[in-house]
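These notes concern the structure reproduced below.
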Amino acid sequence: MTAPKKLFVKTYGCQMNVYDSERMVEALGESGYVETDTPEGADMILLNTCHIREKAAEKVYSELGRLKALKLDNPDLKIGVAGCVAQAEGREIMRRQPAVDLVVGPQSYHRLAELEARAQTGKKAIDTDFPEEDKFEKLKSRPKAKRAPAAFLTVQEGCDKFCAFCVVPYTRGAEVSRPVDRILQEARELVERGVREITLLGQNVNAYHGTGHDDTEWSLARLIWALDKVDGLERIRFTTSHPNDMTDDLIEAHGTCSKLMPYLHLPVQAGSDKILKRMNRSHTRESYMRLIERIREARPDILLSGDFIVGFPEETEEDFEATLDLIRTVRFGQAYSFKYSTRPGTPAAERDQLPEDIKTERLHRLQNLLAQQQKSIQDEMVGKTVNVLLEREGRFAGQMVGKSEYLHAVHVNTETAKVGDICQVRITQSNRNSLNGDLIS
Ligand code: SAH
Ligand code: SF4
Ligand code: F3S
């Protein structure tokens, strides 16, 4: 038998890329590859890329510049680019970096093995189609090996919303939902492999409208209720949601479905109606605030998370203050925030841009406020009892690390509990980005 070939995958961007990388490793397993955690010595390197901001895309080119040196030691090394930069810049990548052998867009991963075989013959291989067939249907079913207790499962892809700043509708294509049966089957297989928590993924996950076995369209809430009945699955999460797709049944599920965790990522981007309109967000500050109220009525202890963009074209100091004010009113336990980055081909890229120093200054102020909120919400956990799903061993002996239902990282002192256990923990201390606690049961 020949030794297995080594595959190194580096993942950038969102959780959907994390999930896709896992599936690509599995798919290339069929071609004789095993995953390795260093690029040195690999036979194939795959960068699964993100195009969301300019910096994210440029990182890929600088990484490729570094990696190409490895071809001097190993002339058989193949370098591939997958993900959203591959989709957006396709042939341009091969032109800018001739060391690249293979380019594959996010909708073509089921063709990866063929592309790899082509690259092995010394030819360039590229596929950035939006094929009719569903890549997940065509990908080989997943292996049975034991795995970590928390997993991602993509249920929906693409976006039809066309926010004025965003590349996703172009890189990931139109909104598509996977059929219910396939998702339930994959969830059961994950549970058999030791998974206890599944995070359902989609660029617009709450716009999910997959076909059920009764041939009707199911909402995300209905899918969650079906997953609720999967024995051995203990926790369900979903991300990322759009405010306009927070349907009544989904809000209600937060109050009634015990496996659905009290954490919701609901990006708002900005707090001024003028900017929201210019962003083509199709929701207002008021409609967002009302939504938050209703979600908190359903589940008072829910931890809210959001995304924010500062320095969008035409954002005045007053508009920016409106974003800070919205943050003060909502109180976010977690958040991601970015300076607006012009993306070629999107409507906002054509507009007059704000100076960089204003963007930088606003981002600082916004992040200071978010950090304060995050810390004070985390501090409020001290003395409370939470349930922690243990994901791995900690840095010190007798310590495990896991996630609470609110997605806080918790260090637990225990000699007996093991990975995959869900245990009751009393929080004793709030650190910078995590909590400490003692085992109760
Ligand atoms: N589908 C999700 C998020 C997709 S992208 C949603 O609608 O919320 C993740 C985040 O990146 C966005 O929420 C936004 O805050 C940020 N983002 C997207 N395009 C950006 C750009 N051009 N500049 C800066 N941030 C951007
Ligand atoms: Fe991008 Fe807007 Fe679609 Fe989210 S909803 S992926 S921000 S276009
Ligand atoms: Fe980035 Fe593509 Fe995800 S652009 S955020 S990897 S959908």
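General observations
- Test: residue in the stretch 374-394 that is modelled with pLDDT under 95 and over 27 Å from residue 302 (Cβ atoms): yes
- Count of residues meeting criterion [surrounded by 14 or more Cβ atoms within 10 Å (Cβ to Cβ), of a type outside the set (D, E, K, R) and more than 20 Å from residue 20 (Cβ to Cβ)] in the stretch 117-144: 1
- Within the stretch 271-292, the set of residues being in contact with an Asp or Glu (Cβ under 7 Å, 6 or more places away or on another chain), farther than 23 Å from residue 254 by Cβ and not in a loop (DSSP other than H, G, I, E, B) comprises 274, 275, 278.
- Residues considered: 203, 185. Of these, the only one that is in contact with a Ser or Thr (Cβ under 9 Å, 6 or more places away or on another chain) and part of a loop (DSSP other than H, G, I, E, B) is 203.
- Of the residues 119, 164, 113, the single one that is among the small types (Gly, Ala, Ser), more than 30 Å from residue 403 (Cα to Cα) and not assigned by TED's automatic domain parsing to the domain that holds residue 58 is 164.
- All positions within the stretch 159-182 that are near ligand 3 (Cβ under 10 Å from one of its atoms) and assigned to a loop (DSSP other than H, G, I, E, B): 159, 166, 167, 172
- Within the set 153, 223, the sole residue that is part of a helix (DSSP H, G or I) and touching a residue at least 60 places away in the same chain (Cβ under 8 Å) turns out to be 223.
- Search result, residues across the stretch 209-242 that are away from ligand 3 (no atom under 16 Å from the Cβ), buried (at least 19 other Cβ atoms within 10 Å of the Cβ) and within 23 Å of residue 281 (Cβ to Cβ): 219, 220, 221
- Residue list for the stretch 259-270, filter: assigned to a loop (DSSP other than H, G, I, E, B), touching a helix residue (DSSP H, G or I) at 6+ places or on another chain (Cβ under 8 Å) and either open to solvent by 10 Å² or more (accessible area, probe 1.4 Å) or closer than 15 Å to residue 404 by Cβ (or both): 259, 262
- Matching residues, the stretch 148-169, being more than 10 Å from ligand 1 (Cβ to nearest atom), buried (at least 18 other Cβ atoms within 10 Å of the Cβ) and over 14 Å from the mean Cα position of the chain (by Cα): 149
- Restricting the first member to the stretch 373-390 and to residues that are under 17 Å from residue 417 (Cα atoms), and the second to residues that are aromatic (Phe, Trp, Tyr), the beta-carbon pairs closer than 8 Å and six or more apart or on different chains are 386/406.
- Per-region count, the stretch 298-320, residues in contact (Cβ under 8 Å) with a residue 40 or more places away in the chain and not in a loop (DSSP other than H, G, I, E, B): 12
- For residue 255, the criteria (1) under 23 Å from residue 326 (Cα atoms); (2) assigned by TED's automatic domain parsing to the domain that holds residue 160; (3) among the small types (Gly, Ala, Ser) hold in every case but one, which is (1).
The values are calculated or read from the model by the stated rules, or taken from the named source; none is laboratory data. These numbers come from a predicted model, not from an experiment. Please note: Cβ atoms are built from the backbone with ideal geometry, for glycine as well, and neighbour counts cover all protein chains shown. For the accessible areas, the whole protein counts, side chains as well, though only heavy atoms, and no ligand, DNA or RNA atoms are used. Shrake-Rupley method; radii C 1.70, N 1.55, O 1.52, S 1.80 Å.
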